């Protein structure tokens, strides 16, 4: 019997496997938040699949009491695409990291987003390779000292959200592992509810190899001034006193921070967030503290038909037009001849 | 004006007809001359005439190589006969050369006295120079000794198509049909199937269809009025004796596609093909993507890795994941094959082998992926490997691959090659109801379940797919505990799991046919062992040698991993073992390693199939050594 009618709780999504992340790792908070929101979705556990690649983040499926597939490095989006194509009824999640999803698996992530396969993709960005013990990743920052860059990183990092937007993703959002009570669960809900490829970047602290990587906008004394929580239809106001806003520089396609009250600037002058505006999403995705706040929330949401739906619509339409496939007919189509 | 020259005296008027057993004809021209179409049309008409046949399309990797160059030459050879045809023939009896480059490349294969038809209209100074001729071979006597028919096919085609108002470029593209018309006349083929095909193909541009048909008819009419070299007859090849039944032509790629569909119907599960375009495998993707009404889902992935990974995901979800590729793609899929082995999911991987290493010879055939298929993965990673012998056998073994994959929960590699993929042969159409049935039983019972619970006979694990209540589980690339399926780093457990995976594949040997000796005695001085597409040439070579009194037998292996369980015993009954392969010695290594058999290799790595004569003389040489 399906579990549809049974009310599930957080505990039902906790597997019997011992969690093996380092104590203090941000991944615990993400796992707890996911397990907390899962029951709300009213999706039977047997219809939920977690797919991952390789890395710390990719141990995720073992800890979820659902179906799960821990695949190979970088390939989770490809495996998940096959799972979803074979059974579109399934709720398919992908857990990946900055190395797994953006370095070795960048190609697959790009194409899963572009095709708009209905996958819920969680990218744990800790700006480091943790499981291989501390080499730099595609999101490590210039100058960052790691095991493989003892004198500092010299290659330029990428922005995961800008990458997703560039790949034509229809849902791009961002949160932080420490925002456990409200923001991260909210973003997980939005990620789940979006039909199509949803991409959620989660800034996640690796307390062993890259501890404090996000302190410059997460620490208590700076957080309010350096975090902008986006809400569709609401002005982009932030700051401990809610007295800062973002607006377009006059005559330029460029954002600037304005102080409300200065020079007659009011909330009415501040930009209003529009989730469906792609150029705006790009601008927001590039903002970096300290000059700007980091943009959190749903940067972009603009649903489109999903890949697996269109694939199966085509299969069904062909069946309707040609009738269900008949091998005898297929073999006998075209030129044949009889002997004896 | 059309002219005919020959090195011997001429015969005018209607030719006598002569009945012969077999004919080998090769059409050669520029890649843009439509030689492959000419060949396939000739093949179709020949099949309908009731001859047995085998074909060999041989074309360059470039889509449109610069016109007139030798590397841009495309050719199509067909052997048709009143007997059981095993190969497209060693050397052509007749060669059609549409330009000097085609003559330059292919004349060396035409025996003296062979029929040579050349398009004199293409023998311009420019084309002669590109082909490396200083003087025109049609005029300088260098073609003495061949039965030469020199016709300005270009001009004759322009004249025939003139009423239809095509541009000169479009009109000239009909010259392959003019040539086909002449060939049809020479070998007494019926034109109707080609005419019907042209009408269908150019339904939206009837003037193109009309022009092509006019060219075809003009070439045929030219035959009626032609002066041909003396000693020539119009050749009649009587029908071959087939087993009774309904027949059609099929290529290896088409048969593979159909076999995969049939196999999934036999298993009662849907198919999901993940594939990335690669020569010479792409046609399977093309065929299957047009057969959506069979419930097939096709996925053109972003790369070879994604193609196999999506197929693995589909298998996890209860479809049969299939991926099709060629050598370089196989290399890229290697890691994912390991994942399918360790997660013990059914998967069919079709490798249409081509010349290598690296990009190698994309359009030429080779059998050099055997070791890659059998052992080419990190760690101890066994899986099943099958190899098709003929285009029709691709159908049979594709079904068998699905059977083994689903019964044993394992990836299966089906090896074919460029020669089988594109080559055609008559195929007796089976009744769908008579195909083997092997329905899959997905696990639904919760009692006692864990994901690596094994069937005690096959050692295949329980297949429980997402969507099944109460069987929630996780699988992955990490080693599993034998008794629970959970992650395990335990030393003894890893040893046991490695042995179990090996035993599962080895056990398939109990479930496949015993190795037979196809031709000749069951024991004796010498056994020739072949695998894959060399089947026809090797069998014919052995038959010829036996007709000359040599004591030699032939065994053809189709199950490459595991081998048939009596293979070692079969080998042990012969003093000498010869293993011809289109590689640098791969099966020979496996036979020596597995059975300590005194096997010797005979290798041809030219991108071309073996000739019967090469096999025959090697047999003699080996016996005499």
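Quick notes
- Residue satisfying all of: in region A:86-112; at the interface with chain B (Cβ under 8 Å from one of its Cβ atoms) and crowded, with 24+ Cβ neighbours inside 10 Å; nearest to residue A:38 (Cα to Cα) among these: A:86
- Some residue of region B:582-596 being surrounded by fewer than 21 Cβ atoms within 10 Å (Cβ to Cβ), in contact with a helix residue (DSSP H, G or I) (Cβ under 6 Å, 6 or more places away or on another chain) and either at pLDDT 95 or above or assigned to a helix (DSSP H, G or I) (or both): yes
- From the list B:155, B:169, the one residue that fits, being surrounded by fewer than 22 Cβ atoms within 10 Å (Cβ to Cβ) and modelled with pLDDT of 95 or more, is B:155.
- Selection from region B:297-308 of residues that are assigned to a helix (DSSP H, G or I), at the interface with chain A (Cβ under 7 Å from one of its Cβ atoms) and in contact with a strand residue (DSSP E or B) (Cβ under 9 Å, 6 or more places away or on another chain): B:306
- For region B:111-121, residues that are surrounded by 18 or more Cβ atoms within 10 Å (Cβ to Cβ) and without any contact (Cβ under 8 Å) to a residue 60 or more places away in the chain total 4.
- Residues in region B:551-575 that are farther than 26 Å from residue B:365 by Cβ, surrounded by fewer than 22 Cβ atoms within 10 Å (Cβ to Cβ) and out of contact with any helix residue (DSSP H, G or I) (no Cβ under 6 Å at 6 or more places or on another chain): B:551, B:566, B:569, B:572, B:573, B:575.
This table checks each residue for (1) crowded, with 18+ Cβ neighbours inside 10 Å; (2) closer than 28 Å to residue B:337 by Cβ.
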| position | (1), (2) |
| --- | --- |
| A:117 | yes, yes |
| A:136 | yes, no |
| A:143 | no, no |
| A:154 | no, no |
| A:164 | yes, no |
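- Residue check, residue B:246 in a strand (DSSP E or B) and either over 26 Å from the mean Cα position of the chain (by Cα) or touching a residue at least 24 places away in the same chain (Cβ under 8 Å) (or both): yes
- Of all the listed residues (B:213, B:261, B:269, B:278), the sole one being at pLDDT 95 or above, crowded, with 16+ Cβ neighbours inside 10 Å, assigned by TED's automatic domain parsing to the domain that holds residue B:293 and not in a loop (DSSP other than H, G, I, E, B) is B:261.
- Every pair of residues 6+ apart whose Cβ atoms lie under 9 Å, when the first sits in region B:327-348 and is in the same structural domain as residue B:414 (by TED's automatic domain parsing) and at pLDDT below 95 while the second is surrounded by fewer than 23 Cβ atoms within 10 Å (Cβ to Cβ) and assigned to a helix (DSSP H, G or I): none
- The sole residue among A:325, A:340, A:334 that is under 30 Å from residue B:242 (Cα atoms), at the interface with chain B (Cβ under 7 Å from one of its Cβ atoms), at pLDDT 95 or above and surrounded by fewer than 18 Cβ atoms within 10 Å (Cβ to Cβ) is A:325.
- Index of the failed condition, residue A:8 passing every other in (1) assigned to a loop (DSSP other than H, G, I, E, B); (2) more than 11 Å from chain B (Cβ to nearest Cβ); (3) farther than 24 Å from residue A:127 by Cα; (4) in contact with a strand residue (DSSP E or B) (Cβ under 9 Å, 6 or more places away or on another chain): (4)
- For region B:446-479, the candidate set comprises residues that are part of a strand (DSSP E or B) and away from chain A (no Cβ under 11 Å); within that set, the residue that is farthest from residue A:48 (Cα to Cα) is B:454.
- Residues being within 16 Å of residue B:402 (Cβ to Cβ) and either surrounded by fewer than 24 Cβ atoms within 10 Å (Cβ to Cβ) or more than 7 Å from chain A (Cβ to nearest Cβ) (or both) - total across region B:309-336: 6
- Top-ranked residue of region B:488-506 - restricted to ones that are in contact with a helix residue (DSSP H, G or I) (Cβ under 8 Å, 6 or more places away or on another chain) and within 27 Å of residue B:320 (Cβ to Cβ), ranked as nearest to the other protein chains (Cβ to nearest Cβ): B:501
- Residue match in region B:12-31 (condition: outside any strand (DSSP E or B), touching a helix residue (DSSP H, G or I) at 6+ places or on another chain (Cβ under 6 Å) and at pLDDT below 95): yes
Conditions tested, residue by residue: (1) surrounded by fewer than 24 Cβ atoms within 10 Å (Cβ to Cβ); (2) within 14 Å of chain A (Cβ to nearest Cβ).
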{"residue": "B:403", "(1), (2)": "yes, no"}
{"residue": "B:407", "(1), (2)": "yes, no"}
{"residue": "B:426", "(1), (2)": "no, yes"}
{"residue": "B:431", "(1), (2)": "yes, yes"}
{"residue": "B:439", "(1), (2)": "yes, no"}
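- Filtered residue count, region A:124-157, keeping only those that are over 20 Å from the mean Cα position of the chain (by Cα), touching a residue at least 60 places away in the same chain (Cβ under 8 Å) and on the phi > 0 side of the Ramachandran plot: 2
- When A:6, A:43 are checked against the criterion of being at pLDDT below 95, more than 22 Å from residue A:107 (Cα to Cα) and surrounded by fewer than 24 Cβ atoms within 10 Å (Cβ to Cβ), A:6 stands alone in meeting it.
- When B:355, B:376, B:392 are checked against the criterion of being under 30 Å from residue B:71 (Cα atoms) and not assigned by TED's automatic domain parsing to the domain that holds residue B:610, B:355 stands alone in meeting it.
- For region B:40-70, taking the residues that are in a loop (DSSP other than H, G, I, E, B) and within 14 Å of another protein chain (Cβ to nearest Cβ), the one that is nearest to residue B:534 (Cα to Cα) is identified as B:51.
The values are calculated or read from the model by the stated rules, or taken from the named source; none is laboratory data. Quick caveat, the model's predicted, so the values are computed rather than measured. Because the Cβ atoms are built from the backbone with ideal geometry, glycine has one as well, and the counts that use them run over all protein chains shown.
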